[in-house]
Each structure stands twice: as structure tokens, then as C-alpha cells.
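Quick notes on the structure that follows.
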Amino acid sequence: MILIFGGAYQGKLDYAVERFRLSEEDIYHCSEDDAQMPTGKKLIYELDKWILAMLKADACTASAVKRLIEDNKDVIIVCNDVSCGIVPIDPVMRAWREAVGRALAAIAGEACAVVRLFCGVATVIKSDGGLITDEC
Amino acid sequence: MKVFVSGGCKNGKSFYAQRLAKDAAHIDGGISLPLYYIATMRPVDSEDDARIARHIDERDGWGFATVEQYERIEEILLKCDCGGSFLLDSLTALLAEEMFRPDGRVDEQAAVRIVQGLTEILDSVSNIVIVSDYIYSDAAVFDPLTELYRKSLAMIDRVAAEMCDVVLEVAYAGVTVHKGKDVFRHEACV
């Protein structure tokens with residue numbers, strides 16, 4: 001499992017598509033209105049939206065993320081980092097912000113590589129030396 | 001050297017960028033290059049005037065010539081010596097000026113124009129420090145105009161980061177070198 005995260009519009013998907021030579025049919029696009037388990041594709045895009053969908057459906061995000069990790073050992077996960085701004089007033093958005101943080105921590109713990117995108121520049125935060133090396 | 005600096009707000013990145021630009025102007029043998037501060041924020045009220053006065057105070061004695069350029073950023077090339085050392089602070093203010101026009105209009109093409117101007121500048125000068133703000137990790141749903149502003153700034157940031165030799169993220173006393181580790185040698189002292 002590979003985790004690619006960063007703020008909005010930082011080039012996360014561009015990096016993944018180029019680095020792993022993916023095409024549109026390899027990508028699962030999460031939606032904030034669909035709480036189904038995002039499986040069947042090489043890359044899960046915007047995992048944060050899936051987490052929001054689960055919160056809207058009153059589902060337990062922690063157990064779903066645990067299942068996602070167990071069932072998708074070879075997937076690439078792309079997620080927006082929403083952890084650095086103001087604490088939202090809306091309780092759902094507040095729960096979302098925390099659930100995304102906990103999900104990223106859990107996934108990063110299990111992933112063989114973790115890459116952060118900053119203004120289009122990729123930095124390898126964690127790597128077991130396999131698919132992704134320090135040179136990205 | 002061309003350096004792109006971003007990070008959270010009020011965390012010392014402007015001051016750090018100022019030092020980088022000043023150090024770049026001092027080359028071996030005691031020769032100094034012209035040093036330019038490109039001011040991009042058009043003052044509209046007393047709060048802005050106070051902020052500008054504070055920034056001018058901070059730069060006092062550093063040897064910067066201030067060039068006010070609130071739009072058409074590439075025009076600094078007509079006003080300055082391209083061989084000098086430039087500090088452009090900031091892309092954030094420049095985009096706000098270009099996008100939210102004085103007559104109340106919103107220009108959705110502002111980012112495209114700034115990218116063109118910035119590309120021209122980065123192709124023409126050798127020493128520049130460009131400052132932006134990292135505004136992309138909020139847990140909030142913004143109104144469409146604010147979202148367009150974030151998306152536009154990210155587009156400009158990515159071009160600047162791509163064209164610069166060095167990309168830095170400043171967070172108070174820490175500087176992360178995202179690009180250019182092999183060429184960037186500066187004491188990480190914010």
C-alpha cells in the first residue's frame with residue numbers, strides 16, 4: 001500500500017498517474033455521497049471524501065478504514081490533508097477533520113511508502129526501499 | 001539562485017526570504033548586486049498602511065529598493081536591472097490584486113496572466129526569492145470564489161516551484177528543503 005497525501009491542488013494525482021503510469025480506468029473517484037468500500041481499482045482518489053460520506057451515513061470510520069487497509073494491500077491511496085486549518089464550527093466537518101487525520105495515521109503506519117506533495121514537489125516521508133525510493 | 005518559499009502565515013517566512021535575497025546580493029569580493037523588494041499589495045485602508053510601515057521598518061538598513069507592482073508583474077523587468085537580486089513578496093497578494101479588481105469585477109483569468117508574467121521573470125533573472133502562502137490544508141468547504149482563489153494560487157505556486165532551483169517550506173525555526181538539497185546551502189536560522 002502506498003499513501004500519497006498533501007493539501008488541495010498540490011499535484012497528488014498528477015504525481016501518481018505519472019509515477020505509476022496509470023490511466024483513468026485505474027482510478028476510483030470517491031464521492032462524499034457514497035459510503036461504499038472503494039475497491040476494485042489500482043488507485044483510490046480523495047479518500048477524504050469517502051470518509052465524509054461515511055460520517056454523513058453515521059458509519060464507523062475507524063473500523064471501515066481498518067477493513068480498507070486489510071483488504072487492499074496493493075492499492076495506492078491519494079488523500080487530501082485537511083489537518084492544518086481552523087477547527088470547523090460544523091460538528092460533521094469537525095468529526096471529518098479528525099477522522100481523516102486518524103485514517104492517514106493508520107494508513108501511513110501500514111503503507112510501504114508515504115509521499116507528501118508540496119506545490120507539485122514530492123517528498124518521500126517513508127519508504128521500505130521497494131517501489132518508491134528516496135529519489136521519488 | 002531562484003528560490004520559492006511557502007508555508008503557514010506569520011511564521012517568519014518573509015523575514016527568512018529577505019535574508020536569502022540579501023545574501024544573494026552579496027557576492028564574493030565585496031561586490032553587491034542591486035537588491036529589489038517587489039511590493040505586490042495595494043494599500044486600501046489604514047490597516048494596510050500600518051502593515052506596510054511595519055514592513056518598511058523591518059527592511060530599514062537592508063539596502064532594498066522598493067518597487068511597487070500590484071499588477072502586470074512582468075513590468076518589473078522594465079524597471080529593474082535583471083542582474084540584481086529580487087524578493088517578490090507575495091504571490092498571494094499579487095493574485096488577490098489581479099483577481100479582485102478595484103472596480104469590483106472578478107477576473108477568473110488572473111492566474112493564467114500571472115503564470116505568463118512570472119515565467120517571463122524567471123526566464124530573465126538569475127537571483128530571485130518568491131514568497132507564497134500554503135493555504136491548502138483546511139477542513140472547510142469554501143464559497144466558489146474563495147475556492148477559485150485557492151485553486152488559482154496553487155496553479156501559480158506549482159509553476160514557480162517547477163521553475164525555481166530551490167523549494168522551501170518555512171515553519172518558524174524550521175526550514176524543509178523540498179527541492180534543491182544539492183544546491184541550497186543556507187543556515188536554517190529563521
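Each reported figure results from applying straightforward, stated rules to the coordinates on display, with no laboratory input. Every value quoted in this text rests on a predicted model; they were computed, and no experiment measured them. Positions of Cβ are generated from backbone atoms using ideal geometry, with glycine treated the same way; all protein chains shown enter the neighbour counts.
So the values come out like this:
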| read-out | value |
| --- | --- |
| Calculated P(r) tail over 12 Å for the stretch B:142-183, as whole % of Cα pairs | 67 percent |
| Nonlocal amide H pairs with B:F100, under 5 Å, H built at 1.01 Å | B:D107 |
| Percent of beta bridges antiparallel (DSSP, the protein assembly as shown, rounded to nearest 5) | 25 percent |
| Radius 12 Å from Cβ of B:K79, net charge of other residues (Lys, Arg +1; Asp, Glu -1) | -3 |
| At 1.306 mPa s and 10 °C, Stokes D of the stretch A:31-79 from Kirkwood alpha-carbon radius, µm² per second | 147 µm²/s |
| Percent of beta bridges antiparallel (DSSP, chain B, rounded to nearest 5) | 25 percent |
| Built amide H within the under 5 Å cut-off of B:F86, gap 5+ | B:Y36, B:N127, B:I128, B:V129 |
| Computed helical MRE - 222 nm, chain A, DSSP H runs ≥ 4 contributing -39500 (n - 2.57), nearest 500 | -11000 deg cm²/dmol |
| For chain A: relative contact order, % (alpha-carbon pairs under 8 angstrom, 6 or more apart) | 32 percent |
| Chain B: angle of helix B:110-124 to the longest principal axis, Cα-based, in degrees nearest 10 | 10 degrees |
| Once the Cα gyration tensor of the stretch B:1-95 is diagonalised, semi-axes √(5λ) in Å | 22, 16, 13 |
| The protein assembly as shown: radius of gyration over Cα atoms, expressed as a fraction of 2.2 N^0.38 Å | 1.08 |
| Rule-of-thumb Rg ratio for the stretch B:45-174 [Cα; 2.2 N^0.38 Å; N residues] | 1.11 |
| Beta bridges per DSSP with both ends in the stretch A:1-124, % antiparallel, nearest 5 | 20 percent |
| Percentage relative contact order, the stretch B:1-71, counting C-alpha pairs under 8 Å, at least six apart | 32 percent |
| Two-decimal log10 I(q)/I(0) for chain A, as the Debye equation yields it once each C-alpha is a single scatterer, q = 0.12, 0.15 Å⁻¹ | -0.43, -0.68 |
| Mean separation of Cα contacts under 8 Å, 6 or more apart, over the residue count of chain B: relative contact order % | 33 percent |
| Helix-derived mean residue ellipticity, 222 nm - over chain B, DSSP H n ≥ 4, -39500 (n - 2.57), to 500 | -12500 deg cm²/dmol |
